[in-house]
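Since every read-out is calculated from the coordinates, none of them should be taken as a lab result. Treat the numbers as computed from the prediction; the structure is a model and nothing was measured. Note that each Cβ is placed from the backbone with ideal geometry, even for glycine, and that neighbours are counted across all protein chains shown.
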Amino acid sequence: MMETTMNDHVHVDNGHYAPAKHWDWREVLKLGLMGGGVSLFVSLVGMVDTFGKKDVIGGVISQGQVLLVLIWMGFGYLVTRRMSGHTPSRTVAGAALAGLVSSGMLVGLVLISEPINLRSVLVEASPALVEMLTLGLSTALGSVILLVAGAALAALGAALPLLPERIRRPLLPALAWTLGVGVFQDVLAPVLPRPISGFLFDNISGLSVLGAIVVLAAVAGATVLWARQGESVRQRADALPPDQKKMLRWAIIGGSFLLVAFMPQLLGKFLSEVLGTVGIYILMGLGLNIVVGYAGLLDLGYVAFFAIGAYVMGVLTSTGELGFGWSFWMAVPFSVLAAVVAGVILGVPVLQMRGDYLAIVTLGFGEIIRILVLSDALRPLLGGPQGILAVPKITLLGWRLSGPQQLYYLILFACLAAVFISRRLAESRVGRAWMAIREDEDVAEAVGIGLVKHKLMAFAAGAAMAGLAGAIFATKLGSVYPHSMKLEVSIWVLCLIIVGGMGSIPGVAVGALFMMGLPELLRTFAEYRLLFYGALLVAMMLVRPEGLWPEESRRRELHAGENNQVAGRPPGAQT
Amino acid sequence: MRQRLANLTATDIFLWVIRIAIIGLVVWGSATTLASGKYSAENWADFFIFGLSQGGLYALIALGYTLVYGILLMINFAHGEVFMAGAFTAFHVALAFGNSGFLDRNPVVALLVVTLVSMVTSVIVAVLLERVAYRPLRKAPRLVPLITAIGASYFLQYTFRGLYGSGISTYPDVAALKGEWIIGGVGILKTQAVVIVTSIALMVALYSLLRFTKTGKSMRAVAQDKEVAGLMGIDVDRVITITFALGGALAGAAGVLYALIYPQVHFFMGFVPGIKAFTAAVLGGIGNPVGAMLGGFFLGIVESLGPSLFLDGLGIPAPYQLKDVIAFSMLVLVLIFMPAGILGEQLYEKKA
């Protein structure tokens, strides 16, 4: 995908390489147009406006503006990457040009929307957007500033990798942390002790100017300090005698344990609730990981098992008119069992299908379950569009698990159990059989692996975990709504194991935290969640299909073609 | 015979049970409904015509799926969004025409322009999809382009939501197409007639293109064997782009036709027609354009007649809510029992 224009760059002169005499105009222009396209997209889709409502640094720069800044800097950086071999000044100048084109396109939008009312077609091309883009100044002045800003920021983005290491090392993390603290204000403010949060954060939104400076300085300082001392600390730790080393390890492990155990108390109710949701998705992710990651069966109807688990739990425990009023602990085995049975029933017809067809059939099943659950035909049993209400909270030995902080422990325990089961399965004969099936079904069958048995086991295991997750979800919410059982849930779970890394258990946790936790924390982005998911999926498939924390064999297999051009004779070849 | 009985596995028995159960349910339900005489012949004729018009739409969209699958062996999950993009964009043109009265004065020209805008938008989206999301992944394992397609589908949905808003937009009524024509004693809504005739005309055009033109021949060649076609001097990349473009154009046309029947368009409108069109493509045999056309009509008719025919007879309240269940069930059943479709797949490589 990276077009090499090395031929244009390198000019062989009497057998020596000489720096190219001419800029690669086309590259610069192309990057500028792409940057402009992205800027326009981001503005017209409404992100600039929506994000602009909150500031990163209160009163100074809004999130929407930061978005544009990052886009232009990013494309400036790309210019540096593509134009290697030129002098720094040329590169920066080229980036400035690209930035000019990008912001120029935005200026074009600003200028057009004055005479022509674009709003009836493109809802976001409103006066409010124009005002934000021109910083509230007159059209002419604002446009000029926009152009200059684009050029300058792109130049900055290009210059960053060219800075000496001493400056670059502390600068980038400092900027990143400042941005992070500003964006995550809603999450951090309640967690940090009062005086600190009062100082750091502006009253209205974002960091206070002083707070921003403090964060910048603190992180920059910490980075410099670590660069100097970090090496020696590590050496000292390595040089410890073995029993002291062991004690250190246990201390670290023990510390992490305590941290995890006391997390709800540390983080407060809202964040515990978020962690609870993340936990449920981790549970589902682990289940789907078995089906998709280990056995290679792409299941797009996974939400059906979740729904079955939730509904069985709802019907059995509800104290309303549709329920039987059982306790959670009595109903859970039935929830899981129902899901397992469904998994087997779903699995049998699709045993012979491959790849795409399997995906579509499972999607069909998921949709059928969703429609049935919503329909009037099953209303006497399942409550139709209203669902099942009055699902009681869990009681454990007479103690009610009422809040999110207490539910956290149940979910944590369920996740740990699921992780344990997943790992044992993966390392067992069954797990190896699954991986053989994943790699090549026909060969696996030829080697004697029973396809039927193993595929059904994969479906059953995955369904069991989804059923458990559904059951816990039902009690967490206190009711079972059919509208939460939509196709999108299957897609989210699939996304999170792909983004995290298919077949890898830490990857599931990373994926869940990233894709389910983050949107909860960043409410401003909630509207664009699926847009980001979609773009992220595409981007990850193009760039890093093995995910963020992959299983090693997966990574090797997906990048197999890339390192094949090894010069020299392969071992054992004849002369 | 005894040998075959002995070879039956539990799986086979299970599948046979399902087959018999489904057939039994359908027959019983239909018999009950027909015996009760709840619907008159006119009702059935109405359902049938409606099914034909639905089917025409499904067929047009299905052609997009089947052409792409035939060449690239991938399901273009985002094709439903290509359909939506055209319809949603052309809405603004249609609204302008409606407001200014152009739509009433000169309905033919107005509709043609609207259709053109829709088709062009869909073509642009389809070609961009191919270039950005699918082309770099041609050599990747099968799972990867599928996931990319899913991602692209969501991305497009929410892009258009951001661009045009999250509300439902209603196409203006076309005065010239109000009312119905009586043909052979049966009343056909004018909109339905236009949809049926136009979709058939477009399908004939596509078929002729595939069969009689040089481009069509290169498309068939690339579908047969990409590499050899390349060796024969065919520009494979260009042919693939043309395939996507054609699929997009048909989807765009389908978008406007859809708007004639269901005037409401919104950013999510592409999902369900997309899945149903894929069902239709598989029904007729994926990779087989004629199959997609027949599959589309078949699905449309079954979906239209189904709820009243057998669901009602089975005593299910509000059977129309389960209309989509019929479509999805057909999808599932076809894929389980008849993966090669009615007319047989026209894939030159095994899809495994």
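Mean Kyte-Doolittle of at least 1.0 plus a Cα span of 18 Å or more along the axis: flag which DSSP H helices in chain B meet both, please.
Helices meeting the span and hydropathy rule in chain B are B:10-36, B:41-72, B:107-129, B:190-212, B:236-261, B:271-284, B:289-306, B:323-337.
Is it possible to state the helix-based mean residue ellipticity at 222 nm for chain B, with each DSSP H run of 4+ residues giving -39500 (n - 2.57), the sum divided by total residues, to the nearest 500 deg cm²/dmol? What is it?
The per-residue figure over chain B is -24000 deg cm²/dmol.
Residues with beta-carbon under 9 Å from that of residue B:303, excluding residue B:303: net charge, scoring Lys, Arg +1 and Asp, Glu -1?
Here the count lands on +1.
Give me the dipole magnitude in Debye, nearest 20, for chain B about the Cα centre, with unit charges on the beta carbon: positive for Lys and Arg, negative for Asp and Glu.
With Lys and Arg at +1 and Asp and Glu at -1, about 780 debye.
Mind ranking B:238-249, B:26-37 by how tightly packed they are, going by the mean number of other C-beta atoms within 10 angstrom, highest first?
Highest-to-lowest ranking by the protection proxy: B:238-249, B:26-37.
What FRET efficiency do you get for residue A:222 and residue A:191 if R0 is 25 Å and r is their Cβ-Cβ distance, rounded to the nearest 0.05?
Efficiency, from the Cβ-Cβ distance: 0.80.
Which one of A:192, A:136, A:149 has its Cα pushed farthest toward the positive end of the charge dipole of segment A:127-246, where Lys and Arg give +1 and Asp and Glu give -1 at the Cβ?
Of the listed residues, the answer is A:192.
Quote the relative contact order of chain A in percent (integer), defining contacts as alpha-carbon pairs under 8 Å separated by 6+ residues.
Result for chain A is 14 percent.
Among B:152, B:45, B:94, which one shows the highest mean-square fluctuation when chain B is modelled as a Gaussian network with alpha-carbon springs under 10 Å?
In this elastic network of chain B, the residue with the biggest mean-square fluctuation among B:152, B:45, B:94 is B:45.
Kindly provide log₁₀ I(q)/I(0) values, in the same order as q = 0.11, 0.16, 0.24 Å⁻¹, from the Debye equation applied to equal alpha-carbon scatterers of segment A:282-381.
-0.37, -0.74, -1.29
Report, in whole Å, the centroid distance computed from the Cα atoms of segment B:283-331 and segment A:64-113.
Comparing the Cα centres of segment B:283-331 and segment A:64-113, I get a distance of 52 Å.
If we restrict to alpha carbons, what Rg and Dmax does segment A:197-269 come to, in Å?
18.4, 53
What FRET efficiency do you get for residue A:165 and residue A:486 if R0 is 60 Å and r is their Cβ-Cβ distance, rounded to the nearest 0.05?
0.75
I'd like the mean, over residues of B:320-327, of how many other protein chain beta carbons sit within 10 Å of each residue's own Cβ.
Taking all residues of B:320-327 together, the mean is 4.
Provide the packing ranking of A:373-380, A:102-109, i.e. peptides ordered by the mean count of other C-beta atoms within 10 Å per residue, highest first.
A:102-109, A:373-380
Per residue of A:526-533, how many C-beta atoms from partner chains lie within 10 Å of its own C-beta, taken as a mean?
The per-residue average across the peptide is 4.
So what is the diffusion coefficient of segment A:23-108 in µm² per second by Stokes-Einstein at 10 °C and 1.306 mPa s, using a Kirkwood Rh over Cα pairs?
120 µm²/s
Would you calculate, for chain A, the mean residue ellipticity at 222 nm contributed by helices, counting each DSSP H stretch of 4 or more residues as -39,500 (n - 2.57) and dividing by all residues, to the nearest 500?
-22000 deg cm²/dmol
Projected onto the charge dipole of segment B:190-249 (+1 at Lys/Arg Cβ, -1 at Asp/Glu Cβ, origin at the Cα centre), which of B:207, B:242, B:229 gives the Cα projection farthest towards the positive end?
The listed residue farthest towards the positive side: B:207.
Given Cα pairs under 8 Å that are at least 6 residues apart, what percent is the relative contact order of chain B?
33 percent
Can you tell me what share of the DSSP beta bridges in the protein assembly as shown is antiparallel? A percent to the nearest 5 is fine.
Of those bridges, close to 95 percent are antiparallel.
If I model a spin label as a point 7 Å beyond the Cα along the Cα-Cβ vector, how far apart are those points for residue A:249 and residue B:201 in nm?
Output for this residue pair reads 7.8 nm.
Ignore the peptide's own chain and count Cβ atoms of other chains within 10 Å of each Cβ in B:139-148; give me the average, rounded.
The shielding value for this peptide is 6.
Relative to the Cα centre, what is the charge dipole magnitude of chain A, using +1 at the beta carbon of each Lys and Arg, -1 at the beta carbon of each Asp and Glu, and rounding to the nearest 20 debye?
Once rounded to the nearest 20, the dipole reads 1260 debye.
When you count, for each residue, the other Cβ atoms within 10 Å and take the mean per peptide, how do A:489-499, A:213-223 rank with the highest first?
Listed from highest to lowest mean packing, they are A:489-499, A:213-223.
Do any of A:486/B:276; B:276/B:323; B:139/B:226; A:453/B:276; B:38/B:323 go past 23 Å between their Cα atoms, and which?
A:453/B:276
Using only the alpha-carbon atoms of segment A:409-495, report the extent along each of the three principal axes, biggest first, to the nearest angstrom.
Projected onto the principal axes, the Cα atoms of segment A:409-495 cover 49, 28, 21 Å.
Please label the shape of segment B:77-234 as rounded, prolate or oblate, based on the square roots a ≥ b ≥ c of the eigenvalues of the alpha-carbon gyration tensor (a/c under 1.5 means rounded; beyond that, a/b larger than b/c means prolate, else oblate).
oblate
Excluding residue B:129 itself, what net charge comes from residues whose Cβ is under 11 Å from its Cβ, given Lys and Arg +1 and Asp and Glu -1?
So the surrounding residues net to 0.
Given a Förster distance of 51 Å, report the FRET efficiency between residue B:27 and residue A:539 from their Cβ-Cβ distance, rounded to the nearest 0.05.
Efficiency computed from Cβ-Cβ geometry: 0.50.
Per residue and in cubic angstrom, what volume does the convex hull of the Cα atoms of segment B:32-143 have?
160 Å³
Compute the convex hull volume of the Cα atoms of the protein assembly as shown, divide it by the residue count, and report the result per residue in Å³ as a whole number.
For the protein assembly as shown, the hull spanned by Cα atoms encloses 246 Å³ per residue.
Over segment A:360-489, what is the relative contact order in whole percent, taking alpha-carbon pairs under 8 Å and six or more residues apart?
Once divided by the residue count of segment A:360-489, the mean separation gives 40 percent.
Once amide H atoms are placed 1.01 Å from N in the peptide plane, what residues at a sequence separation of 5 or more from residue A:54, or on another chain, have their amide H within under 5 Å of its amide H?
For residue A:54, whose amide H was placed from the backbone, the distant partners under 5 Å are A:63, A:64.
Report, in degrees rounded to the nearest 10, the 0 to 90 angle that the Cα long axis of helix A:404-426 makes with the longest principal axis of chain A.
Result, in degrees: 90.
What is the sum of charges around residue A:529, taking Lys and Arg as +1, Asp and Glu as -1, for the other residues whose C-beta is under 13 Å from the C-beta of residue A:529?
Summing Lys/Arg as +1 and Asp/Glu as -1 gives -1.
Using every alpha carbon pair in segment B:103-194, what percent of pairs falls into each 10 Å bin from 0 up to the bin containing the largest distance?
Taking all Cα pairs of segment B:103-194, the binned fractions are 13, 27, 25, 20, 13, 2 percent.
Hey, can you grab everything whose amide H is under 5 Å from the amide H of residue A:207? Only 5+ residues off in sequence or another chain; H modelled, so Pro and N-termini drop out.
Hits under the 5 Å cutoff: A:57, A:58, A:202.
Residue by residue through segment A:88-98, which ³J(HN,Hα) values in whole Hz follow from phi under the Karplus form 6.51 cos²θ - 1.76 cosθ + 1.60 (θ = phi - 60°), with glycine and proline marked x?
Going residue by residue, I get x, 5, 5, 4, 5, 4, x, 5, 4, 4, 4 Hz, with x marking Gly and Pro.
Once Lys and Arg get +1 and Asp and Glu get -1 on their Cβ, which of B:124, B:73, B:95 lies farthest toward the positive end of the dipole of segment B:66-141?
So the residue furthest toward the plus end is B:73.
Quick one: dipole size for segment A:237-311, taken about the Cα centre, charges +1 on Lys/Arg Cβ and -1 on Asp/Glu Cβ, in debye to the nearest 20.
200 debye
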